[in-house]
Amino acid sequence: MTSKTSTRLAGQQRPHRTRRWIEDWRPEDPEFWANGGSRVAWRNLGWSVFAEHLGFSIWMIWSVSAAFLTQVGFGFSTQQLFLLVAIPSLVGALLRLPYTFAVPKFGGRNFTVFSASALLVPTAGYALAVTNSGTPFWAFCVIAAFAGLGGGNFASSMTNINFFFPSSKKGAALGLNAAGGNLGVSLIQFLLPIMVGGAGMFGLVQASSEGIHLERAAYVYAALCLVATFAAWRWMDNLAGAKSSPREQLRVVRSKHIWIMSLIYIGTFGSFMGYASAMPLLIKLNFWVPDPAPLGTGIYFAYYAFLGAGIGSLTRPFGGWLADRVGGARVTLGAILGIVIFTLGVVWTLGQLSPNPEQTASIAADNQSWFPLFLTFFLLIFACTGIGNGSAYTMIPAIFRREVELETEPGSPEREFGLVEATKKSSAALGLIGAMGALGGFLIPLAFSAPWVDNALSATKGALLGFVVYYLLCAALCVGFYIRQSGASANGSGAHASERALTRI
């Protein structure tokens with residue numbers, strides 16, 4: 001007897017929710033999928049989204065908290081605040097590699113239990129730091145680094161869900177999984193100011209008259225992490241077939257596609273995370289409001305910072321859905337070109353502002369009149385990053401599946417074995433590429449706080465122009481390696497390119 005429970009979803013048999021391991025999992029079999037497989041997959045996806053959502057919220061808790069620290073008595077500089085925002089993204093990016101390897105090693109359910117419970121560490125540290133006005137900056141940096149644990153959850157969650165769904169539904173499933181996590185960024189930026197008493201909710205909820213209590217957010221999210229831990233333990237499953245060693249998974253780095261897609265994903269997901277992390281401070285620094293701000297007046301960052309991450313999260317599943325129908329490479333290219341156009345729009349808008357607006361109230365008011373256009377362009381950027389995130393992640397399984405189809409005969413044992421291996425490779429690739437993409441969340445806030453630039457406005461414009469150059473490189477890679485190459489193979493290049501069922505990248 002083994003500790004694993006053998007489960008075969010055949011006929012009308014329904015899986016028992018208390019079983020921990022599923023030995024037989026065949027999502028590409030239509031009968032298997034219809035007779036219980038679909039139900040199990042969607043149940044695991046639902047709880048995965050919940051745990052990942054909390055991970056993203058805790059990962060980005062400093063993105064909005066940093067903008068409040070000066071109001072509660074911490075005298076940190078602009079560079080220190082941007083560094084505090086950037087540190088969790090760096091740690092989260094680095095953790096995505098081991099988190100990717102952990103799912104095949106320990107099981108998706110088991111590791112979700114661990115990763116959800118581990119989030120209690122940064123929430124407890126956060127509560128201790130913000131309630132002690134003597135907490136040094138280095139301690140804040142250490143606690144912010146532990147918030148990076150939430151960023152690692154994305155890799156383990158996406159790797160796990162990739163095993164559950166058939167190829168025809170991966171785009172939508174991975175898009176929903178990622179969108180649910182990404183929404184954690186928007187919700188923490190929306191809810192934290194309300195929870196801590198730092199802002200009202202557009203007149204529906206009044207700001208607290210008792211001052212700002214940042215620790216309240218930690219208490220709420222600690223309780224939610226306990227709920228996520230129990231739910232994963234009780235209702236999620238491990239897949240026995242989702243097994244591979246780290247050595248086998250690391251073989252995927254030999255593929256050129258890992259590095260090409262990593263560069264592209266830095267442009268889409270890295271932009272989403274970087275802009276989402278920096279948005280509260282960007283609004284606060286470039287559109288002057290007195291600090292501490294009169295609550296409910298002026299352009300107060302807490303009223304707007306969450307919108308970009310929310311839109312980027314909601315458009316992500318649309319990007320995956322669209323990629324399933326017209327091809328991930330085409331959708332990704334369109335999204336990147338949209339980012340270029342709207343980023344140039346932001347740069348143009350910032351060019352209309354006067355630096356150091358605190359010098360006079362009239363200059364500040366004139367600058368604030370450009371804020372609606374600034375916000376509109378940035379929200380369009382976020383929409384494009386969300387679409388590009390969803391489509392780029394859909395490309396990854398398609399790339400490895402297509403390689404197998406080009407090298408094997410339809411219906412052959414080699415094809416069957418190759419497709420299984422392709423799923424394992426793409427799961428490893430999802431984590432690796434996700435780790436690289438998350439580096440944008442670290443690099444972008446640092447670029448906005450360049451110490452050699454004399455004011456925040458110049459630093460912001462210079463950074464955005466540099467990003468445009470990078471986006472154009474991503475567009476060229478997308479065209480050269482996936483759009484042109486896919487067209488060539490469809491027109492006869494490759495041993496079996498004439499096969500009608502050839503997977504579209």
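The figures follow:
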| item | result |
| --- | --- |
| Cα-projected label distance for ARG247 with SER133, points at 7 Å along beta-carbon direction, nm | 5.9 nm |
| Radius, Kirkwood style, for the stretch 58-135 when every pair of distinct Cα atoms is counted (Å) | 14.3 Å |
| Listed peptides 37-49, 411-423 by packing density, highest first (mean Cβ within 10 Å) | 37-49, 411-423 |
| Label point distance in nm, ARG20-VAL468, each placed 7 Å from Cα along Cα→Cβ | 5.6 nm |
| Potential extension, GLU416-ALA124 segment - 0.36 nm per residue separation minus Cα distance | 100.3 nm |
| Proximal lysines to LYS425, defined as alpha-carbon separation beneath 27 angstrom and excluding residues fewer than eight positions away on the same chain | LYS4, LYS105, LYS169, LYS170, LYS243, LYS256 |
| Residue-span extension gain [LEU226 to LYS105] - 0.36 nm each, minus C-alpha spacing | 41.2 nm |
| Chain lengthening between HIS213 and VAL142 when straightened (0.36 nm per residue, less Cα-Cα) | 23.5 nm |
| Length-normalised contact order for the stretch 106-156 - Cα pairs under 8 Å, 6+ apart - percent | 53 percent |
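Every read-out reported here was derived from the displayed coordinates using simple, explicitly stated rules and does not represent laboratory data. Worth saying up front: this structure is predicted, and the values here are computed from it rather than measured. Methodologically, a virtual Cβ is constructed for each residue, glycine included, from the backbone with ideal geometry; neighbour enumeration extends over all protein chains shown.
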